[in-house]
Amino acid sequence: MKNILVVDDELDILETIVDSLEIEFGDEVAIDKASNGNEALELFGGDKSYDLIVTDLNMPDMDGLELTQNIKKLQVETPIIVFTGHGDIEEKEKLTALGVVAMIKKPYVEDLIDEIANTIR
């Protein structure tokens, strides 16, 4: 079973991603969700380890870039997929340097689900 953490401050997108992954993988995945970077970092630092992190880039308080930096300090090998409605080149370069697996443009949730599925496989 793969443990996945999905992070997005837009609850409808968060639920869509989680529901889609549960339909796609059923019992093969256990999914936790967080509505902001601080909550995600708290879950990540807990007892459970994650095989994949999927996070929005633009969130209040702690954005996806900062969350990625913090996660990589704790566990370098954890794959991370970042999605965004914006496409800041500078942030993309920083995320790539951190080892982000993929950066997907919103609102294409289907593309995001496909990328997550490929990463899980």
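The values are calculated or read from the model by the stated rules, or taken from the named source; none is laboratory data. It should be emphasised that the depicted structure is a prediction, and the values quoted were computed from it without experimental measurement. Counting neighbours? That spans all protein chains shown, and the Cβs are built from the backbone with ideal geometry, glycine included. Note: areas computed on protein heavy atoms with side chains; ligands, DNA, RNA excluded. Shrake-Rupley method; radii C 1.70, N 1.55, O 1.52, S 1.80 Å.
Details
- Residue within segment 21-38 that is on the phi < 0 side of the Ramachandran plot, at pLDDT below 90 and open to solvent by 60 Å² or more (accessible area, probe 1.4 Å) present: yes
- Number of positions in segment 1-53 that are outside any loop (DSSP other than H, G, I, E, B) and touching a residue at least 60 places away in the same chain (Cβ under 8 Å): 13
- Test for residue 58: is it in a loop (DSSP other than H, G, I, E, B) and either at negative phi or at pLDDT 90 or above (or both): yes
- Within segment 47-90, the residues that satisfy the criterion of being open to solvent by 50 Å² or more (accessible area, probe 1.4 Å) and touching a Phe, Trp or Tyr at 6+ places or on another chain (Cβ under 9 Å) are 74, 75.
- Segment 92-121, subset part of a helix (DSSP H, G or I) and open to solvent by less than 40 Å² (accessible area, probe 1.4 Å), residue modelled with the highest pLDDT: 95
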